[in-house]
Amino acid sequence: MKAKVAGQYLSGQIRQAIRQSWKNRSTSTAAVMFAGAVAAGICAPAQAQQITGSIKGTVTAPGGDVAVSGVQVVVTSDVMPKPRSATTRPDGTFTLPYLIPGNYDITFTFPDGSVRKTNTTVLLEQASVVNLAYEAAQTERIEVYGTAIITEGDSSLTNSFGEDVIANMPIGQSYRDMLKILPGVEYSENGILGPAAGGSGVDNSYALDGVDLSLPMFGNLSSEPATHDIAYVSVDRGGAKAIGFNRSGGFAVNSASKSGTNEFHASLEYRLQNSGFTSTPVDGVISDVDRSWIIASVSGPILKDQLFFYGSYFRPEVTGDNKITAYGPTKSYENTRDEYFGKLTWAPTEDILLNVSQRVSDRQEVGGSIGEFETDSVSLGSESKIKITAVDGSWLLGDTSSLNFKYAKYSEDGSSRPDVELGFMPVLGDSLDINNLDQMGYFGVPSLRDYPDGATADEIAAIDAFNASAAPLIAQYGYVGDDGELSGGSGVGAYPTYNNQDFARESFQVGFDTEIYTGDMTHFLHFGARWSELEEDLSRLSNGWGRISYIGGLGADGGDTDLTNVFYEASIEQMSLVQDGSSVSSITSYAESVDFEINDEIEHGDFTYNIGLLVSRDTFYGQGLRKNSSNVSGYELAPGEKYEMYKTDWKDMIQPRLGVTWEYEESATVFANYASYNPNASSLARAASWDRNTRRTLLVRFDENGDFVDAGGAAGSSGKFFADNMRPRRIDEFTIGTTKMVTNELFVRSHLRYRYGSHFWEDMPNGARLYGDYGDFGGVPANIAEKGLYIPNLDAMRDEVGGSSYVIAEVDGGQTKYWEWSIEGEYQNDKWYVNASYVWSHYYGNFDQDNTTATNDANTFIGSSFYGDGPGRMVWDNRYGNMIGDKPHKVKVISTYTADWEGVFGAYFVFQSGEAWTAWDGTPYGYSSGTSRFAEPAGSRRGASHWQVDLSYT
């Protein structure tokens with residue numbers, strides 16, 4: 001139903017955008033209005049990147065033997081059900097867009113009847129340049145003066161890899177494994193958080209067949225299709241054009257799945273990596289891990305030269321036996337996934353191409369989440385089901401114009417539950433049984449604390465008292481360390497939460513491309529519109545008292561309060577507090593985005609200019625309020641009801657894409673680009689939703705005897721108002737560089753890039769600017785303090801509808817900076833393929849989205865984290881410095897070699913600097929908790945560098 005009305009909706013949004021652009025014409029351009037007008041006349045909405053490439057080139061006749069105008073160019077490929085054709089223009093140029101990536105035969109038929117033939121490879125989202133110089137010859141089959149390396153894409157920093165590279169490289173079996181071959185992108189062993197390459201890992205975008213694979217509202221890669229299904233992959237790291245709705249603050253990856261052909265093909269593989277193939281870890285979780293993969297596929301024609309199919313089955317399985325932690329043996333671990341994929345490719349005519357695909361993935365995990373310093377009892381089981389549906393098509397409207405569309409729907413339903421269920425519901429006011437903490441929830445065993453440098457007599461006395469009470473807990477619940485002594489810093493009891501979490505994304509986009517020739521100038525125009533909606537449905541309960549911490553009288557972290565009589569603190573989910581057998585309904589959150597883009601690539605002599613513009617608007621919808629204009633807040637309470645939480649302005653999300661390239665000699669260029677991005681990953685639709693007031697994370701505090709002291713919402717864990725006049729998060733990027741085709745087989749590129757991030761949003765205490773001086777590192781800077789409250793009348797608004805003392809506001813002076821210099825070479829001939837790159841970079845600032853919580857390799861809130869949660873966590877508290885993703889030196893080499901007997905050797909090498917990190921300590925700020933409280937400038941320390949070599953033979 002949503003997709004059905006999307007066209008009508010977008011038409012209205014286009015007209016609204018045009019009106020607003022006119023009202024704000026001092027800050028917008030006529031180009032925006034022109035883009036909207038054209039889009040309104042041709043389209044309804046759609047989604048994501050394209051899954052095709054193109055062929056372009058010029059036919060010349062140096063001897064003047066034939067006319068170069070009116071030459072018929074026909075391309076055929078086994079992956080295209082029908083041929084595609086074009087006719088050369090008066091100057092001999094031609095373009096063939098929307099071709100499925102693959103190998104193509106090209107036939108040139110001249111007006112005099114003479115024929116010339118050649119071949120080329122089309123890569124994903126790139127233009128293969130085929131220039132033909134006609135010569136009178138006896139043979140039709142000729143060599144073109146071109147290159148095997150394709151260098152024209154949707155950005156100035158683009159790379160594209162074909163099936164031969166992906167299939168023959170020593171990479172793993174999933175989409176995430178494939179990321180390690182991308183030039184300029186850090187190697188990462190994270191299982192959830194994405195790798196960095198000039199931005200936060202949550203701001204990358206990932207796609208298969210143009211369908212967004214990131215987890216809605218969290219940005220990280222969610223679905224992990226098998227690399228077996230992937231035929232081509234491309235990555236844009238910077239200098240983006242206004243093509244493909246690229247709002248990525250990091251890098252953008254797209255991939256194309258395999259397609260059927262006119263021939264039947266089938267394959268069946270079984271791969272095994274048993275525990276004997278790897279060395280036993282000397283630390284961490286000790287386990288014998290066996291891995292196996294079943295991969296099957298079948299493809300062929302349904303209707304010859306018209307309708308092809310491709311289908312696959314993928315079953316990865318991981319088992320861990322003889323698992324040992326610091327506490328001893330634990331249960332076995334098992335993680336299995338059954339994934340089915342089907343795709344149809346249909347060409348009813350030579351000018352129309354359609355693709356329909358669906359992927360279904362079921363995953364089950366048993367005995368998960370047992371860490372190195374945890375007992376067997378903290379394990380959990382989980383399951384998830386992912387379904388992805390995509391429909392896309394293109395229609396050639398003559399030789400110069402084309403229309404395309406894409407519809408996509410993504411859903412992920414997941415749940416997890418503790419293996420040990422404690423069997424009781426917490427009641428506020430009840431005591432905590434401190435003699436059996438491992439039966440009350442998940443208990444974090446404390447470690448003994450050291451005296452901080454320059455500790456006062458009072459601080460020493462407080463730490464002595466803490467250690468005196470912590471010692472019996474370590475004796476009862478600790479583990480035996482390498483020194484033979486009992487140690488803390490571990491976890492016992494049961495997994496703390498039950499989680500039921502469903503995600504959905506639906507999107508629809510349309511695009512129109514045309515070419516205009518005016519004298520010696522050629523315009524390649526692109527217009528596009530996209531609508532997308534995200535949804536999350538969440539219910540979360542606690543197992544017993546949830547997560548229990550020992551505070552020891554050093555002060556509970558209560559946001560604006562500091563309770564020194566607190567010895568234990570339990571973090572529980574408010575949904576668990578219903579005692580009459582009923583349940584609290586789930587909390588549902590939505591976010592909607594509308595994007596329009598126009599791009600004009602102008603060729604004029606030796607210069608190519610790119611003038612593009614992407615304009616967007618995001619709307620967040622929460623649950624629990626309805627509009628009431630008579631109230632100060634503008635709302636009234638309406639539990640369970642959807643309401644518009646916040647809407648950005650069109651004028652604040654105008655993202656220019658400008659570039660110029662000068663070909664100063666044949667196959668050698670210099671280029672410069674400016675691009676602006678408004679990343680769309682945000683968790684605020686849930687994090688600020690009003691119904692969180694009845695579905696919060698509560699902090700329940702107890703004294704040294706376990707008696708109830710106090711309870712309140714965890715910092716920021718409730719509905720929040722938004723401050724006025726916020727501008728959306730923005731990345732501005734400047735790139736200059738040069739390329740040279742040294743030979744037809746060797747391509748070299750070097751560039752210098754600078755990125756500046758600003759306008760970061762976070763939830764923060766409304767009075768944070770008024771904290772004054774505190775702790776050992778000063779306090780609030782005077783220029784920030786003078787701004788006062790983020791929302792001056794917040795108390796009056798809360799008197800009407802309740803809510804948090806926290807608000808969503810721009811981080812004062814929040815910024816990131818990224819410098820990068822890179823040199824990259826690519827070599828390809830009949831036997832060798834080599835891509836080698838070196839990148840020097842510096843990534844620094846005071847807002848590190850990838851380092852905002854205790855466990856960063858997770859789906860953490862974007863816009864609502866530990867950052868800004870009171871003293872020690874504010875932007876002025878030692879936050880300026882190196883980002884966790886700052887790795888100054890990165891070297892990557894990927895290579896394949898095809899032997900005479902058709903066997904293929906693959907090699908992968910990477911070296912990169914170690915990770916920047918920071919010591920945490922809450923003591924200088926007056927807190928027992930050091931979580932996310934920097935005791936020194938950010939990134940003051942650096943871990944060990946990393947290098948590895950992987951080899952394969954196929």
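The values are calculated or read from the model by the stated rules, or taken from the named source; none is laboratory data. All values derive from a computational prediction rather than experimental measurement. Neighbour counts run over all protein chains shown; Cβ positions are idealised from the backbone, glycine included.
Going through GLU826, GLU820 one at a time, which residue ends up being of a type in the set (D, E, K, R), farther than 20 Å from PHE934 by Cβ and at pLDDT 95 or above?
None of the others qualify; the one that does is GLU820.
Please specify each residue of region 702-752 satisfying the condition of being crowded, with 21+ Cβ neighbours inside 10 Å, within 25 Å of LEU541 (Cβ to Cβ) and in contact with an Asp or Glu (Cβ under 9 Å, 6 or more places away or on another chain).
Across region 702-752, the qualifying residues are PHE702, ALA715, GLY716, GLY719, LYS720.
Among residues belonging to region 258-301 that are in contact with a Gly (Cβ under 8 Å, 6 or more places away or on another chain), within 27 Å of VAL233 (Cβ to Cβ) and among the hydrophobic types (A, V, I, L, M, F, W, C), point out the one that is surrounded by the most Cβ atoms within 10 Å (Cβ to Cβ).
VAL298
It is to be established whether one or more residues within region 301-320 are among the aliphatic types (A, V, I, L, M), more than 30 Å from ILE474 (Cα to Cα), at pLDDT below 95 and in contact with a Leu (Cβ under 9 Å, 6 or more places away or on another chain).
Within region 301-320, none of the residues are among the aliphatic types (A, V, I, L, M), more than 30 Å from ILE474 (Cα to Cα), at pLDDT below 95 and in contact with a Leu (Cβ under 9 Å, 6 or more places away or on another chain).
Do any strands (runs of 3 or more DSSP E) entirely within region 45-126 hold 3 or more residues that are more than 34 Å from the chain's Cα centre (by Cα), and if so, which?
It comes to 53-60, 72-76, 84-87, 102-109, 115-122.
Only one residue in GLY444, GLY367 is free of Cβ contacts under 8 Å to residues at least 60 places away in the same chain and part of a strand (DSSP E or B). Which one?
GLY367
Report yes if some residue within region 425-436 is in a helix (DSSP H, G or I) and among the acidic types (Asp, Glu); otherwise report no.
no
Filter region 508-522 down to residues that are over 18 Å from ILE598 (Cβ atoms) and in contact (Cβ under 8 Å) with a residue 12 or more places away in the chain, then give me how many there are.
Selection size over region 508-522: 3.
Show me the strands (runs of 3 or more DSSP E) entirely contained within region 636-704 in which 1 or more residues are at pLDDT below 90 and either more than 25 Å from LEU577 (Cβ to Cβ) or not aromatic (Phe, Trp, Tyr) (or both).
Correct list: 697-702.
Scanning region 332-348 for residues that are modelled with pLDDT of 95 or more and of a type in the set (Ser, Thr, Tyr), which turns out nearest to LEU403 (Cα to Cα)?
THR345
Go through (1) among the hydrophobic types (A, V, I, L, M, F, W, C); (2) assigned to a strand (DSSP E or B); (3) without any contact (Cβ under 8 Å) to a residue 12 or more places away in the chain for LEU525 and report which single condition fails.
(3)
For ASP877, are the conditions met, namely being in contact with a strand residue (DSSP E or B) (Cβ under 8 Å, 6 or more places away or on another chain), of a type in the set (D, E, K, R) and crowded, with 20+ Cβ neighbours inside 10 Å?
Yes, satisfied.
Does region 374-383 contain at least one residue that is closer than 30 Å to TYR206 by Cα and surrounded by 18 or more Cβ atoms within 10 Å (Cβ to Cβ)?
Yes, region 374-383 has at least one match.
Within the set of pairs 6 or more residues apart or between chains, which connect a residue that is under 20 Å from GLU383 (Cβ atoms) inside region 324-338 to a residue that is hydrophobic (A, V, I, L, M, F, W, C) and assigned to a strand (DSSP E or B) with Cβ atoms less than 6 Å apart?
So the pair list comes out as GLU334/VAL366; ASN335/VAL318.
Is it fair to say SER940 is more than 27 Å from LEU448 (Cα to Cα), of a type outside the set (A, V, I, L, M, F, W, C) and surrounded by fewer than 16 Cβ atoms within 10 Å (Cβ to Cβ)?
No: the conditions fail for SER940.
Name the single residue, out of those in region 756-797 being farther than 29 Å from SER200 by Cβ and without any contact (Cβ under 8 Å) to a residue 40 or more places away in the chain, that is surrounded by the fewest Cβ atoms within 10 Å (Cβ to Cβ).
ALA782
Being under 30 Å from ALA782 (Cα atoms) and of a type in the set (Phe, Trp, Tyr): is that true of TRP917 here?
Considered against the rule, which asks whether it is under 30 Å from ALA782 (Cα atoms) and of a type in the set (Phe, Trp, Tyr), TRP917 comes out as yes.
Check whether at least one residue in region 170-185 is crowded, with 24+ Cβ neighbours inside 10 Å, under 28 Å from VAL670 (Cα atoms) and among the small types (Gly, Ala, Ser), and report yes or no.
No, the conditions are met nowhere in region 170-185.
Limited to region 718-750, what total is found for residues that are among the small types (Gly, Ala, Ser) and over 25 Å from GLY199 (Cβ atoms)?
The number of residues fulfilling the criteria is 2.
Among the residues of region 302-322, write down those that are within 30 Å of GLY368 (Cβ to Cβ), surrounded by 21 or more Cβ atoms within 10 Å (Cβ to Cβ) and not hydroxyl-bearing (Ser, Thr, Tyr).
PHE314, PRO316, GLY320
When region 467-506 is examined, which residues are found to be on the phi > 0 side of the Ramachandran plot and either part of a strand (DSSP E or B) or without any contact (Cβ under 8 Å) to a residue 24 or more places away in the chain (or both)?
GLY484, GLY493
Taking region 571-595 as the region of interest, how many residues are among the aliphatic types (A, V, I, L, M) and modelled with pLDDT of 95 or more?
2
Would region 94-102 turn up any residue that is closer than 17 Å to ALA61 by Cβ and hydrophobic (A, V, I, L, M, F, W, C)?
Scanning region 94-102, I find at least one residue that is closer than 17 Å to ALA61 by Cβ and hydrophobic (A, V, I, L, M, F, W, C), so the answer is yes.
In region 326-345, what residues are assigned to a strand (DSSP E or B) and either touching an Asp or Glu at 6+ places or on another chain (Cβ under 6 Å) or surrounded by fewer than 18 Cβ atoms within 10 Å (Cβ to Cβ) (or both)?
Once the filter is applied, which keeps residues that are assigned to a strand (DSSP E or B) and either touching an Asp or Glu at 6+ places or on another chain (Cβ under 6 Å) or surrounded by fewer than 18 Cβ atoms within 10 Å (Cβ to Cβ) (or both), region 326-345 yields GLY328, PRO329, GLU334, ASN335, THR336, ASP338, TYR340, PHE341, GLY342.
Consider region 604-636. How many of its residues are in contact (Cβ under 8 Å) with a residue 40 or more places away in the chain and either of a type in the set (Val, Ile, Thr) or surrounded by 18 or more Cβ atoms within 10 Å (Cβ to Cβ) (or both)?
19
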